[in-house]
């Protein structure tokens, strides 16, 4: 596992790769936010990343997110893993962005818990962009239905979409799946209003984030390339 010096070096390398991918795509590097996937990583390493300038951290599990947030309240904490409805209440007071809204029932619960905390919670709708049956995510018709009556959920703001490409060495398949998410996002732009602001595309991880950036990602989720493999 990396130490503080390695983490700073790793972050510099990743940010350079982000810049290079943006240049290749004709984009500005400040259009892309790095989410450091800190799941299973100890707080001392997360603090080292924070000291090195990393602000946004992504966790897969609610329990871990609950434990880590008080240890680094100045970080921006993202929930990027599957979220069970009965656990929303534990993160509703502080979560910065929920990437993984994969059902309307989950959205209803987030809205309810956000209201209890006098907050509007920013969310991404997770779409199934791969051809794998085991991937979570909404279809385009599901997204259409949710966006058409989002005013039923006054404590929710939809900031965009999240998607996961399938695990394959075929870069062209990965590219096509990321492109599918961007095209879907663009097709829903006409629905934008005060509650629907489709600026964010959360896609790309340690192995494929340069491709994701070339296809329009605004958030990339990178863990092992920062913290090392535990």
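Within region 149-186, which residues are surrounded by fewer than 19 Cβ atoms within 10 Å (Cβ to Cβ), closer than 23 Å to residue 60 by Cα and within 17 Å of the chain's Cα centre (by Cα)?
Passing the criteria: 157, 166.
So, in region 206-217, exactly how many residues are crowded, with 19+ Cβ neighbours inside 10 Å, in a loop (DSSP other than H, G, I, E, B) and touching a strand residue (DSSP E or B) at 6+ places or on another chain (Cβ under 7 Å)?
Count: 2.
Residues being within 20 Å of residue 59 (Cα to Cα) and surrounded by 12 or more Cβ atoms within 10 Å (Cβ to Cβ): count how many of those fall in region 16-46.
As a first pass, look at region 16-46 and keep what is within 20 Å of residue 59 (Cα to Cα): 32-46.
Those still in the list that are surrounded by 12 or more Cβ atoms within 10 Å (Cβ to Cβ) too: 32-43, 45-46.
Within region 16-46, residues that are within 20 Å of residue 59 (Cα to Cα) and surrounded by 12 or more Cβ atoms within 10 Å (Cβ to Cβ) number 14.
Restrict the check to region 148-157 and report whether at least one residue is touching a strand residue (DSSP E or B) at 6+ places or on another chain (Cβ under 9 Å) and either part of a loop (DSSP other than H, G, I, E, B) or more than 16 Å from residue 92 (Cβ to Cβ) (or both).
yes
Only one of (1) assigned to a loop (DSSP other than H, G, I, E, B); (2) buried (at least 21 other Cβ atoms within 10 Å of the Cβ); (3) touching a strand residue (DSSP E or B) at 6+ places or on another chain (Cβ under 9 Å) fails for residue 136. Which number is that?
Result: residue 136 fails condition (2) only.
Return the residues of region 187-205 that are in contact with a strand residue (DSSP E or B) (Cβ under 9 Å, 6 or more places away or on another chain) and either in a strand (DSSP E or B) or surrounded by fewer than 18 Cβ atoms within 10 Å (Cβ to Cβ) (or both); say none if nothing qualifies.
189, 191, 192, 194, 195, 196, 197, 198, 199, 200, 201, 202
Within region 115-129, track down each residue that is touching a helix residue (DSSP H, G or I) at 6+ places or on another chain (Cβ under 9 Å) and buried (at least 19 other Cβ atoms within 10 Å of the Cβ).
Within region 115-129, 121, 123, 125, 127, 129 qualify.
Which one of these does residue 5 not meet: (1) surrounded by 21 or more Cβ atoms within 10 Å (Cβ to Cβ); (2) more than 21 Å from residue 215 (Cβ to Cβ)?
(1)
Need pairs with beta-carbon distance below 8 Å; first residue free of Cβ contacts under 8 Å to residues at least 60 places away in the same chain and at negative phi and within region 26-49, second in a loop (DSSP other than H, G, I, E, B) and surrounded by fewer than 14 Cβ atoms within 10 Å (Cβ to Cβ); sequence gap 6+ or separate chains.
These pairs meet every condition: 48/3.
None of the figures in this text is laboratory data; all of them are computed from the coordinates on show. Computed from a predicted model, the values in this text were never measured in an experiment. No Cβ is skipped: glycine too gets one built from the backbone with ideal geometry, and neighbour counts run over all protein chains shown.
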